[in-house]
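Below is one structure; the comments refer to it alone.
Each value in this text was obtained by applying a stated rule to the coordinates, not by laboratory testing. Bear in mind the structure is a predicted one, so any value in this text is a computation, not a measurement. Here the Cβ positions follow ideal geometry from the backbone for every residue, glycine too, while neighbour counts run over all protein chains shown.
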Amino acid sequence: MIRKIIALFLIFVAAIIGVSAFLWAISNAEFTWTKSKSEESIQSVIVITLQVDNPVMFINGKEQYIDANERSTVPLIQNGRALIPIRAVVEAMGGTVGWDAVAKTVVLTHGNDIIKLTIGSDTAYINETAQTLDTAPIIIKDVTMLPIRFVAESFGFKVDWDAASSKITIIGSSFQQAA
């Protein structure tokens, strides 16, 4: 009889804990509705992990190639700065990537922010304000490589560098169009 009472008590406690966890999850939901340029969008937390000389990246723990078409595309270090193939990362952030082949300029957007970087130039523009880069964007094997810390932090993301493992972790909020 005592075993049954203890079992019922444990089930009751587990149910209370489960309901509390559920209510906490709802109150601290990962998704929030925002308005951007008169359109509804979903804002969610995103974690992107890359490693120098590794063609694979992780987006919220899900593995994918940085460039599905060119699996040898990898982040690298130049002048002490991590340069990465930018398209997959910016798109994972919820942004867009544009390319002006004549001017050799990349146009990145995230929310209301716009970054313009020109290949070989140490000047970048964030919302039309000039900024000096530590290292200029380059092209390797037809892939545009940009300084990730500058791009990510300009879009409000946090960037962590683990020198021991050569890993880059980017954490922030992505924007996705509501369905």
Scoring only Lys, Arg, Asp and Glu (+1, +1, -1, -1) among other residues with Cβ under 11 Å from the Cβ of K141 yields -3
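Within 11 Å, Cβ to Cβ, of N79, how many net charges do the neighbouring residues add up to if Lys/Arg are +1 and Asp/Glu are -1? Don't skip to the answer; put the middle values down first.
On the way: positive: R81; negative: D122, D134.
Result for the neighbourhood of N79: -1.
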Treat each spin label as a single point 7 Å out from the Cα along the C-beta direction, and report the N69 to W99 distance in nm. 0.7
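Stretch I140-I5 to full length: gain in nm at 0.36 nm per residue minus the Cα-Cα span? Kindly include the intermediate steps, with their values, before the conclusion.
Numbers: separation 135, 0.36 × 135 = 48.60 nm, distance 6.91 nm.
Answer, rounded to one decimal: 41.7 nm.
Averaging the inverse of every distinct alpha carbon separation and then flipping it gives the Kirkwood radius. What is it for segment 34-177, in angstrom units? Each step should come with its number before you reach the end.
Details: mean 1/r = 0.0651 Å⁻¹.
One over the average 1/r among Cα pairs gives 15.4 Å for segment 34-177.
Can you put R81, R71, R87, R3 in order of Cβ neighbours within 10 angstrom, beginning with the fewest? Kindly include the intermediate steps, with their values, before the conclusion.
Details: R81 17, R71 11, R87 20, R3 7.
Lowest to highest Cβ neighbour count: R3, R71, R81, R87.
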What order do you get for K167, K62, K158 when you list them from fewest to most C-beta neighbours inside 10 Å? K62, K158, K167
Mean Cα-pair separation over length for segment 34-177, i.e. relative contact order, pairs under 8 Å, 6 or more apart, %: 26
Ranking T123, T129, T135 by Cβ neighbours within 10 Å, fewest first, what do you get? T129, T123, T135
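Quote to one decimal, in nm, the extra length available between E128 and V45 on full extension: 0.36 nm per residue of separation minus the C-alpha distance between them.
On the way: separation 83, 0.36 × 83 = 29.88 nm, distance 2.68 nm.
Gain on extension, E128 to V45, equals 27.2 nm.
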